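The values are calculated or read from the model by the stated rules, or taken from the named source; none is laboratory data. What you see is a predicted model, and the numbers here were worked out from it, not measured in a lab. Note that we place each Cβ from the backbone using ideal geometry, even for glycine, and neighbour counts take in every protein chain shown. What goes into the accessible areas is simple: the full protein's heavy atoms, side chains included, and nothing from ligands, DNA or RNA. Shrake-Rupley method; radii C 1.70, N 1.55, O 1.52, S 1.80 Å.
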Amino acid sequence: MEIQDEVDLLEPQESLTASADSAVDRALFWLLDAQYEDGYWAGILESNACMEAEWLLCFHVLGIANHPMSRGLVQGLLQRQRADGSWDVYYGARAGDINTTVEVYAALRCQGYAADHPDIKRARDWIQLQGGVKQVRVFTRFWLALIGEWPWEETPNLPPEILFFPRWFPFNIYHFAAWARATLVPLCILSARRMVVPLNKKSCLQELFPEDRSAVVALGKKAGAWSTFFYHADRALKKYQRTFKRPPGRQQAIKMCLEWILRRQDADGAWGGIQPPWIYSLMALKAEGYPVTHPVMAKGLAALDAHWSYERPGGRASFKLAKVRYGIHC
């Protein structure tokens, strides 16, 4: 009887081991089957709804009307709207995110959704409950400035002259991570050019500014030594730019930024392996007169449909796709 009891105790453990072995075998077979002929594996890193919203806004800035992917991107965004009207910043988040929600709101309005549309109204009500559009981050303010809904004067000044700084200088772009400097350089062009492609009158976001806009958009000074330093540095740069409409060396600095961007387009057509430097680079090139038919622009836009997006049921989403064979040259 005691021997039988010991056998009974062992059986569940043996069954568990067999299940684990079977799971490992299935995982190995799956990996071998999923490997590409060149030897690499590819997988998605899904991000928040800002990705799809910013692509829709980018199409507007680039002057691409009725892009083939626009409808799918819109449907993908609507599928991800939370019950309270917001959009979150990661899957399963406990609450919505003000930056994501404002960017999606702007993208949907840009695509022709009326201010009184039920989904738009729910999003707007949520935004106002969070303190309104004045709560958004710097990058969201850049997007609003690009579509004429935020003054460039009330965004951080990013002078392209930073490319003049040598590597030994305390502040230069090579003190940033590769993806960060690949984002910073095209933003310098956009900031210097103050590019604006306004929404049409039916799509403008006046309803997000129920009070005086000047009271909403002003950049405040935050507590802390570094915050105070950057606040005053930003104010000094803006005063300098107002004094010199064409600051000495500005054109040469923009040219250097442009050449820097062109030299660093990745093999797949994107920049930096993530969406922000890629999308800002396309818009910076547009600001410098590059048509969407230019080979660099066409290659960059083609990458989105080629392998940087996937189908949802009835919708489309964008993500980061990493392939080890693609080098990132930043």
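Worth pointing out:
- Packing, as the average of other Cβ atoms within 10 Å across residues, places the peptides 100-111, 46-57, 195-206, 23-34 in the order 100-111, 46-57, 195-206, 23-34, highest first.
- Atom-type composition of the exposed protein surface of the range 61-169 places 54 percent of the accessible area on carbon and sulfur (1.4 angstrom probe).
- Highest-first packing order for the peptide set 79-92, 146-159 is 146-159, 79-92, based on the mean count of other beta carbon atoms within 10 Å.
- Applying Stokes-Einstein at 4 °C and 1.567 mPa s to the Kirkwood radius of the range 110-198, computed over alpha-carbon pairs, gives a translational diffusion coefficient of 84 µm² s⁻¹.
- Full extension of the chain segment joining ARG137 with VAL296 gains 54.2 nm, where the gain is 0.36 nm per residue of separation less the Cα-Cα distance.
- Magnitude of the charge dipole, the range 111-192, Cβ model with Lys/Arg +1 and Asp/Glu -1, debye to 20: 260
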